[in-house]
2 protein chains.
Amino acid sequence: MDTKQTYKSCTHNKQVNCNQCQLNTICMPVSIQIKDLDKLDSIIQRGKPLHKGEYLFHVNDPFTSVYAVRSGALKTHLLSENGQEQITGFYLPGEVLGMDGLGNGLHTNSVQALDTSSVCKIPFDQLEELSVKLPSLQRHFMQLMSREITQEQQMIGLLNQKNAESRIASLLLSISSRNKRRDLSANSFLLPMSRKDLGNFLGITTETVSRIFARLQSRGLIATAQKEVTLLDIEGLQTLAKT
Amino acid sequence: MDTKQTYKSCTHNKQVNCNQCQLNTICMPVSIQIKDLDKLDSIIQRGKPLHKGEYLFHVNDPFTSVYAVRSGALKTHLLSENGQEQITGFYLPGEVLGMDGLGNGLHTNSVQALDTSSVCKIPFDQLEELSVKLPSLQRHFMQLMSREITQEQQMIGLLNQKNAESRIASLLLSISSRNKRRDLSANSFLLPMSRKDLGNFLGITTETVSRIFARLQSRGLIATAQKEVTLLDIEGLQTLAKT
DNA sequence: CGATCCATTGAAAGATGTCAAGCGTAGTGG
DNA sequence: CCACTACGCTTGACATCTTTCAATGGATCG
């Protein structure tokens, strides 16, 4: 059984616990001992999967929990002042979201499934309690938040300094490396989001996204077939991404 | 003695502790009791002021502490992949920075004084220790990080959806409201950063910054004299900021 | 099978960037 | 104290990129 298979079976088994989950080295710290992982496991709630388009929570919902993505993909988005939707992130399996609500007790984002997705719900008050007993858990959780900050700062850099072409290249490489981390193919994958979402996130219009995809394809850097993308020249893309 | 004066005297007195600090309701939670504030105070280190251009820490420096700005102003910046400086934030008195290093133990930003500035250094290991005894402190610290995430998401929205004019308007209003929080004038203030830094942060060139300032001035929305900015029509600016 | 949404492509317009020159200000050293 | 220099800021003309508007084709889902 290859890792992909293992992962797939994990997807549909709601009962799998943290110890057995293929993703635990991503979403939870290596530093947590197995017996501690059991404790963590005991507070985690696993609900039924979200269907495409369904919401995990909405802006201004009271913050109660953080969530680890188990399968599928989700987008977080908020309404900016002018009433436009602004996508703030895409979340793939093993990644943790929901920390936005901790600031003032209300979520600042809405979270919507891009595809059928399942998540582990981790009630924050219990996590906090457990953190007192497990200092490494507290540290890990803060590290997750810190990395989120760093990621978003890099996003700001991307938006400020890169043209549309290198934004797309960067995003494709980001998805690629996140897939690799999960032992999936780094070269060929399904983009979970629409061109529109992609453009919204990267700050360019759908039309431009489309044109860039066509351009990259004509140059032999990628191949596309609807949602499927194959990276044909990763080095070339990396060069592009560095504008 | 007006608040501005009080604040100014605070600036030059290195000995002032958290209890006496005019900024403690900003950088520290209201929820911390006075006696607890004493404990926090005891771990805080106060160094000599940084001069303009000096660094508080550099990218890849080991993470040891977080810092509360006491006076002056600082910018955080990182080198993006293409080797360009990217400013990721401006920090004014009462604001806390340095959480970027928590993720993997190394700072992902450099921090540089925009003007003579003093900061309180809060060693993180001691803060963590203290957090175990003071759950409200731990919670507050996570809230600071969460708000940082939210702020940066809003920044992403700004960069994605707003033109140069409303970016500038948004930044001016942001500085204004942060001044107000410190009981300084919300209408008239000195911009601590250069046009170049401002443009770098907002993702526009110095020339465009200059042109927009001229345009806003000709429309009677602001008045400028070098670093000094007066907001003449805050409502007008707010309308602009909403694209 | 139709309806709807999503994606693609073209042509024109608009915004910002680039290049270049000139001006003001602040700081330096005589 | 003044003059000089360096740097930051401003302004103009032009180039470039992306958006906007519009039309068409294709996929998906009831």
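Placing a label point 7 Å from Cα toward Cβ, how far apart in nm is B:Arg195 from its equivalents in the other copies, listed shortest first to one decimal?
Label-point separations across copies, in nm and ascending: 4.0.
With a cut-off of 8 Å between alpha carbons and a minimum separation of six or more residues, what is the relative contact order of the stretch B:111-230 in percent?
On the way: 66 pairs, mean separation 24.2, N = 120.
The value is 20 percent.
Assigning unit charges at the beta carbon (Lys, Arg +1; Asp, Glu -1) and nothing else, what dipole magnitude in debye, to the nearest 20, does the protein assembly as shown show about its Cα centre? Show your work: numbers first, answer last.
Values: 54 positive and 46 negative charges, 79 e Å.
It works out to roughly 380 debye.
Which angle between 0 and 90 degrees, to the nearest 10, do you get for helix A:164-181 versus the longest principal axis of chain A when only C-alpha atoms count?
Approximately 40 degrees, to the nearest 10.
Would you tally the net charge around B:Phe63, using a Cβ to Cβ cut-off of less than 14 Å, leaving B:Phe63 out, and scoring K and R as +1, D and E as -1? Mind showing how you got there, number by number?
Working: positive: A:Arg139, A:Arg147, B:Lys121; negative: B:Asp61, B:Asp100, B:Asp125, B:Glu128.
The answer is -1.
For A:Lys121, go through the aspartates and glutamates and keep the ones whose alpha-carbon is under 19 Å away, minus same-chain ones fewer than eight residues off.
In chain and number order, the partners are A:Asp36, A:Asp38, A:Asp41, A:Glu54, A:Asp61, A:Glu95, A:Asp100, A:Glu129, A:Glu148.
Enter the mean number of other protein chain beta carbons within 10 Å of the beta carbon of each residue in B:124-134, as an integer.
On the way: counts 2, 0, 0, 0, 4, 1, 0, 5, 5, 1, 0.
Partner-chain Cβ atoms within 10 Å, mean over residues of B:124-134: 2.
If you average the sequence gap of Cα pairs under 8 Å that are 6 or more apart and divide by the length of the stretch B:175-243, what percent do you get for the contact order? Display every interim value, and only then the final one.
Numbers: 61 pairs, mean separation 18.4, N = 69.
Over the stretch B:175-243, the number comes to 27 percent.
May I ask for the percentage of alpha-carbon pairs in the stretch A:51-156 that lie more than 23 Å from each other?
Numbers: 1433 of 5565 pairs.
Counting every Cα pair in the stretch A:51-156, those more than 23 Å apart make up 26 percent.
Per 5 Å bin, what percent of the C-alpha pairs of chain B does each bin hold, from zero upward?
Going out from 0 Å in 5 Å bins, chain B shows 1, 6, 12, 17, 19, 17, 13, 9, 5, 2, 0, 0 percent.
For the stretch A:99-104, in order, what is each residue's ³J(HN,Hα) by Karplus, 6.51 cos²θ - 1.76 cosθ + 1.60 with θ = phi - 60°, in whole Hz (x at glycine and Pro)?
5, 5, x, 5, x, 10
Using a Förster radius of 41 Å, what is the FRET efficiency between A:Gln226 and A:Leu79 based on their Cβ-Cβ separation? Nearest 0.05, please. Don't skip to the end; give the middle numbers.
Working: r = 29 Å, r/R0 = 0.71.
The formula returns an efficiency of 0.90 here.
Longer than 30 Å from Cα to Cα, which of A:Lys48/A:Lys75; A:Lys52/A:Lys180; A:Lys39/B:Lys133; A:Lys196/B:Lys196 are they? Say none if no pair is. List each step's numbers first, then the result.
Details: A:Lys48/A:Lys75 18 Å; A:Lys52/A:Lys180 24 Å; A:Lys39/B:Lys133 22 Å; A:Lys196/B:Lys196 33 Å.
From the list (A:Lys48/A:Lys75; A:Lys52/A:Lys180; A:Lys39/B:Lys133; A:Lys196/B:Lys196), the Cα-Cα distance tops 30 Å for A:Lys196/B:Lys196.
So which aspartates and glutamates pass the test for B:Lys162, namely a Cα distance under 17 Å, with those fewer than 8 places away in the same chain ruled out?
Once the sequence-local aspartates and glutamates are set aside, what remains near B:Lys162 is A:Glu81, A:Glu85, B:Glu152.
Given a cut-off of under 8 Å on Cα pairs at least six residues apart, what relative contact order in percent is computed for chain A? Mind showing how you got there, number by number?
Numbers: 368 pairs, mean separation 44.4, N = 243.
Rounded, it is 18 percent for chain A.
Can you order the peptides A:96-107, B:51-62 by their average number of other Cβ atoms within 10 Å per residue, highest first?
A:96-107, B:51-62
Using 0.36 nm per residue of separation minus the Cα-Cα distance, give me the extension gain between B:Arg181 and B:Arg215 in nm, one decimal. Please report the intermediate quantities before stating the final value.
Numbers: separation 34, 0.36 × 34 = 12.24 nm, distance 2.82 nm.
Between B:Arg181 and B:Arg215, full extension yields 9.4 nm more.
Just checking the output field for B:156-169: average partner chain Cβ neighbours within 10 Å of each residue's Cβ?
5
For every other residue with a beta carbon closer than 14 angstrom to the beta carbon of A:Gly89, add +1 if it is Lys or Arg and -1 if Asp or Glu, then tell me the sum. Write out the running numbers ahead of the final one.
Details: positive: A:Lys75, A:Arg147, A:Arg178; negative: A:Glu85, A:Glu95, A:Asp100, A:Glu148, A:Glu152, A:Asp197, B:Glu152.
Net charge in that neighbourhood comes out at -4.
For chain B, find the longest principal axis of its Cα atoms and tell me its angle to the long axis of helix B:3-12, 0 to 90°, nearest 10.
Taking the Cα atoms of chain B, the angle to B:3-12 is about 60 degrees.
Give the nm distances, rounded to one decimal, from A:Asp233 to the matching residue in every other copy, measuring between label points 7 Å along Cα toward the beta carbon; shortest first.
Taking the point 7 Å beyond Cα along Cα→Cβ, the inter-copy spacings are 5.2 nm.
Relative to the other copies, what are the label-point distances for A:Lys52, with labels 7 Å from Cα along the C-beta vector, expressed in nm at one decimal and sorted shortest first?
Label-point distances to the other copies, shortest first: 5.8 nm.
Work through the residues other than A:Arg219 whose Cβ is under 11 Å from its Cβ and net out their charges, Lys, Arg +1 and Asp, Glu -1.
That sum, taken over residues with Cβ under 11 Å, equals -1.
Quick one: if the Förster radius is 45 Å, what FRET efficiency do A:Asn17 and B:Lys133 give, using the C-beta to C-beta distance and rounding to 0.05? Show your work: numbers first, answer last.
Values: r = 32 Å, r/R0 = 0.72.
For R0 = 45 Å, the calculated efficiency reads 0.90.
Once the dipole of the protein assembly as shown is set up with Lys and Arg at +1 and Asp and Glu at -1 on Cβ about the Cα centre, which of A:Ser166, A:Val59, A:Cys120 lies farthest towards its positive end?
With unit charges placed on the Cβ atoms, the residue in question is A:Ser166.
Only the coordinates and a few stated rules stand behind these numbers; no lab work does. Please read all numbers here as calculations on a predicted model, not as lab measurements. For neighbour counting, all protein chains shown are included, and Cβ atoms are generated from backbone atoms with ideal geometry for every residue, glycine included.
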